[in-house]
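Below you'll find the structure, written out as structure tokens, and then a few comments.
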2 protein chains.
Amino acid sequence: MADDDFEQLLTASQRAARALGVAPAERRHAAIQAIAEAIERSAGAILAANAEDIARGRESGLAEGLLDRLLLDDARIASLAAAARQLAELPDPVGEVLRHRTLPNGLDLTEVRVPFGVIGVIYEARPNVTVDLACIALGSGNAVVLRGGSAAERTNAVLVEAMQGAIEGAGLPRESVQTIDRFGRDGAGRLMRARGLVDLLVPRGSAALIERVVTESTVPVIETGAGVVHAFVDRAAQLPMALEIVLNAKAQRTSVCNALETVLVHREIAETAVPALAEALREAGVTVHADAPLPGVEGAEPLGEGGWSTEHLSMDIAIGVVDDLDAAIEHVNRFGTHHTDTIVTDDPDAAGRFLAEVDSAVVMHNASTRFTDGGEFGFGAEVGISTQKAHARGPMGLPELTSTKWIVRGTGQVRA
Amino acid sequence: MADDDFEQLLTASQRAARALGVAPAERRHAAIQAIAEAIERSAGAILAANAEDIARGRESGLAEGLLDRLLLDDARIASLAAAARQLAELPDPVGEVLRHRTLPNGLDLTEVRVPFGVIGVIYEARPNVTVDLACIALGSGNAVVLRGGSAAERTNAVLVEAMQGAIEGAGLPRESVQTIDRFGRDGAGRLMRARGLVDLLVPRGSAALIERVVTESTVPVIETGAGVVHAFVDRAAQLPMALEIVLNAKAQRTSVCNALETVLVHREIAETAVPALAEALREAGVTVHADAPLPGVEGAEPLGEGGWSTEHLSMDIAIGVVDDLDAAIEHVNRFGTHHTDTIVTDDPDAAGRFLAEVDSAVVMHNASTRFTDGGEFGFGAEVGISTQKAHARGPMGLPELTSTKWIVRGTGQVRA
């Protein structure tokens, strides 16, 4: 495809964004409702396209886990529609007044939330993300340009087509949601260089993808995802609570970014806590890794290739003994990804220092790291979990997909 | 200098940032006060270094305007110190609670403002910016790494040295403020690639510099500055008010980003408004540019090389006639830099549409664009004016130099 086509597509997104920016929330919410209905109505076509993707995936040897993420069936179609209906109920962030002041010269200043405009998302082969992101974008007044994984290309094409029809039926531009999958592998790169046409880029996927986007993109990026997540079991921890939190954070679900990767144990309690933790983890099927002999633990595996920075996303965990709270904080800040880290302790001073000095999006005291999640936080939606410090940090909901604007109302004021 | 030295310098900034992050506001404010005193005490050394920079500047043929920006004298030293004392009075943004909620499971969630950590600033040869930025960084709990223009290198070296002593005297790490000027031209490039060591990069300077930083940097950037600023004189404008606003916005000060570059006039009033505007502007010494014959105006110059996107920053202005409000909005969104744009009108509907549909950081009704300024907005400080949509938009004060963090307090909660 020529670059022209690509630019035309993005220009159409910009026009759609302008229409969305002035569309009342009711109309945008109606479009989301229409999407839910369209998905149910198009279930046959969606499942047929999905079957093609699945067959192609099997042929090309896609891993079972990925095939499962890709797979749609009647129940999952229903839950796509249900998720859309939930998103249509979320409060509208657009127009929210953030600051207001009247200057001595009578000028009236209001800072309000406005949509970004055009948001690009590069993500993996998960059809539910396609629908979620389209609805979240509509809910925040943004047009969205999607680059899904090629493995889900046919499913996504049918989903986008169905959603575009629904949006148009609700009186908004069908280009509010577009896919660039037809531009193939190049599309992502072009999207990254579309400064001036795309206002924000959100990569969701592997660490390698995110690294590439951050390095190459001239469009502002929000980094999401990578989670080398720690629990520090302090000397003043209740051991049963530590066991429960560590097991939950590691084993309740392993493939997610808020799953635990490393447990640090205070040296003063290591002789009892480390064997207890290792035993409980092994009983749950978790493989223990370490870089040095652990007290009371035989046969720990070495650390992963990335050492203490390894993100396993599997039933593997690294256990380390640290001299004190300072060493724990130092370790977390050095090897972590500034995602989520928790301390288990009954000592309020130790907790206070950990919460203040660990430089992560979410810091926790006596809680499982698995709670770092837009749904759990009560946002009703999640665009991803930002691990950068600019614009948004931690779980991102609808307000995080807005920018701001200062509106100044005067009566002829000029500057002296 | 070896890369090692550069990395060591940034690592020292990180350590300083960690200390600043937990230092109480009183100590940071005391450090700013100490900076004010140190500048006064070191006036002799600062003026001597500045005289060297000025002499070097004259030799190398630096323009008079730039020499004037560079020059320090007793009065300007006094105002540097005074500015620092003002910044020491600003409210501390660190720790401000932005959101708080208690989840049904008892988890207590608090979103608080935290410093970014290490902020890099690449700027022009203005010694006052060196002091301002150091104080603003301290006021927001951040360490700052400065790359000033080479023309001010000696002045900045003495200023930084004096400030470091003051900060150390106040019990904070001297590396809270560092300059990378000794790394020469390469320093800026290295700063842009220091992802993981630098948390935010703010370029302040020419459009070319900003473009380079946005393109090359892997560190998150806040774009500041470029201002192709418009006034739209609507058919329902009061002509005397339009004249006053246009003259003020163009001629009160021309070298600044919020100065007016283009006036658009509604066709229905063009025959009276355009000649009146052109005459008043010419009387004030402004050269009128246009891309087509203007009603009642002889001898307009052609547009600049950049056409309607030219940022003159001088006593030059472009005047255009547009068919209607839609054409005006279209023109502003197409050729502007999304900085500041104003409409002069008595028609509330036209004003409402302009304010809603012009996609700029600051949109105004019946006011001079010169008001887009941290000082005028009552921020007490200005890091720059962001023209991007992510993180901060418009004038940036202390809160815009902070990130956020979620603090989760539990009693052993795990996820079901």
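The values are calculated or read from the model by the stated rules, or taken from the named source; none is laboratory data. Fair warning: this is a prediction, and the values are worked out from it, not measured in the lab. Cβ sites come from the backbone with ideal geometry, for glycine too, and all protein chains shown count toward neighbours.
Details
- Taken residue by residue, the range A:105-116 has no member that is free of Cβ contacts under 8 Å to residues at least 12 places away in the same chain, in the same structural domain as residue A:194 (by TED's automatic domain parsing), touching a strand residue (DSSP E or B) at 6+ places or on another chain (Cβ under 8 Å) and surrounded by 15 or more Cβ atoms within 10 Å (Cβ to Cβ).
- Residues that are more than 11 Å from chain A (Cβ to nearest Cβ) and either over 19 Å from residue B:307 (Cα atoms) or at pLDDT below 90 (or both), drawn from the range B:219-231: B:224, B:225, B:226, B:227
- Selected residue [closer than 30 Å to residue A:357 by Cβ, touching a residue at least 60 places away in the same chain (Cβ under 8 Å) and of a type outside the set (Val, Ile, Thr)] from B:57, B:21, B:65: B:21
- Positions within the range A:189-212 being touching a residue at least 12 places away in the same chain (Cβ under 8 Å), of a type outside the set (Gly, Ala, Ser) and closer than 26 Å to residue A:370 by Cα, in sequence order: A:201, A:202, A:203, A:204, A:209, A:210
- For the range A:304-340, a residue qualifies if it is assigned to a strand (DSSP E or B) and more than 14 Å from chain B (Cβ to nearest Cβ), and the qualifying residues are A:304, A:307, A:316, A:317, A:318, A:319, A:320, A:321, A:322.
- Conditions (1) assigned to a strand (DSSP E or B); (2) within 17 Å of residue A:228 (Cβ to Cβ); (3) of a type in the set (S, T, N, Q); number of the one not met by residue A:366: (2)
- Any chance residue A:65 is in contact with a Ser or Thr (Cβ under 8 Å, 6 or more places away or on another chain), loosely packed, with under 15 Cβ neighbours inside 10 Å and over 30 Å from residue B:368 (Cα atoms): yes
- Which numbered condition residue B:345 misses (of (1) among the hydroxyl-bearing types (Ser, Thr, Tyr); (2) modelled with pLDDT of 95 or more; (3) closer than 24 Å to residue A:392 by Cβ): (3)
- The single condition among (1) on the phi < 0 side of the Ramachandran plot; (2) touching a residue at least 60 places away in the same chain (Cβ under 8 Å); (3) facing chain B (nearest Cβ under 10 Å) that residue A:391 does not satisfy is (1).
- Just one of the numbered conditions (1) surrounded by fewer than 24 Cβ atoms within 10 Å (Cβ to Cβ); (2) in contact (Cβ under 8 Å) with a residue 40 or more places away in the chain; (3) farther than 29 Å from residue B:393 by Cβ; (4) more than 14 Å from chain B (Cβ to nearest Cβ) is not true of residue A:163: (1).
- Residues that are farther than 19 Å from residue A:175 by Cα, surrounded by 18 or more Cβ atoms within 10 Å (Cβ to Cβ) and facing chain B (nearest Cβ under 9 Å), drawn from the range A:192-218: A:214, A:218
- Selection count where residues are touching a residue at least 40 places away in the same chain (Cβ under 8 Å), surrounded by fewer than 17 Cβ atoms within 10 Å (Cβ to Cβ) and within 22 Å of residue A:300 (Cβ to Cβ), scope the range A:255-272: 1
- Within the range A:293-315, one or more residues are in contact with a Gly (Cβ under 6 Å, 6 or more places away or on another chain), β-branched (Val, Ile, Thr) and at pLDDT below 95.
- The single condition from (1) of a type in the set (D, E, K, R); (2) over 28 Å from residue A:225 (Cβ atoms); (3) in a loop (DSSP other than H, G, I, E, B) that residue A:291 fails is (2).
- In summary, residue A:35 fulfils each of the numbered conditions (1) under 21 Å from residue A:402 (Cβ atoms); (2) within 14 Å of chain B (Cβ to nearest Cβ) with the single exception of condition (2).
- Subset of the range B:394-404 that is among the hydroxyl-bearing types (Ser, Thr, Tyr) and facing chain A (nearest Cβ under 7 Å) - its residue that is surrounded by the most Cβ atoms within 10 Å (Cβ to Cβ): B:403
- Residue within the range B:378-389 that is outside the structural domain of residue B:124 (by TED's automatic domain parsing), over 18 Å from residue B:237 (Cβ atoms), surrounded by fewer than 21 Cβ atoms within 10 Å (Cβ to Cβ) and over 15 Å from the mean Cα position of the chain (by Cα) present: no
- Within the range A:348-377, restricting attention to residues that are at pLDDT below 95 and more than 8 Å from chain B (Cβ to nearest Cβ), the residue that is surrounded by the fewest Cβ atoms within 10 Å (Cβ to Cβ) is A:375.
- Flag if residue A:407 is more than 10 Å from chain B (Cβ to nearest Cβ) and either of a type in the set (Ser, Thr, Tyr) or not in a loop (DSSP other than H, G, I, E, B) (or both): no
- Any hit, the range B:121-137, residues being among the acidic types (Asp, Glu) and either outside the structural domain of residue B:212 (by TED's automatic domain parsing) or without any contact (Cβ under 8 Å) to a residue 24 or more places away in the chain (or both): no
- Taking first residues from the range A:224-243 that are on the phi > 0 side of the Ramachandran plot and partners that are modelled with pLDDT under 95 and among the aliphatic types (A, V, I, L, M), the Cβ contacts under 8 Å between residues at least 6 apart in sequence or on separate chains come to A:225/A:207; A:225/A:210; A:225/A:385.
- Of the residues B:342, B:287, the single one that is more than 19 Å from residue B:207 (Cα to Cα), buried (at least 22 other Cβ atoms within 10 Å of the Cβ), in contact with a strand residue (DSSP E or B) (Cβ under 9 Å, 6 or more places away or on another chain) and hydroxyl-bearing (Ser, Thr, Tyr) is B:342.
- Residue ID - surrounded by the most Cβ atoms within 10 Å (Cβ to Cβ), chosen from residues in the range B:72-104 that are of a type in the set (A, V, I, L, M), under 21 Å from the mean Cα position of the chain (by Cα) and closer than 19 Å to residue B:46 by Cβ: B:84
- Of the criteria (1) within 11 Å of another protein chain (Cβ to nearest Cβ); (2) in contact with a helix residue (DSSP H, G or I) (Cβ under 9 Å, 6 or more places away or on another chain), which one residue B:171 fails: (1)
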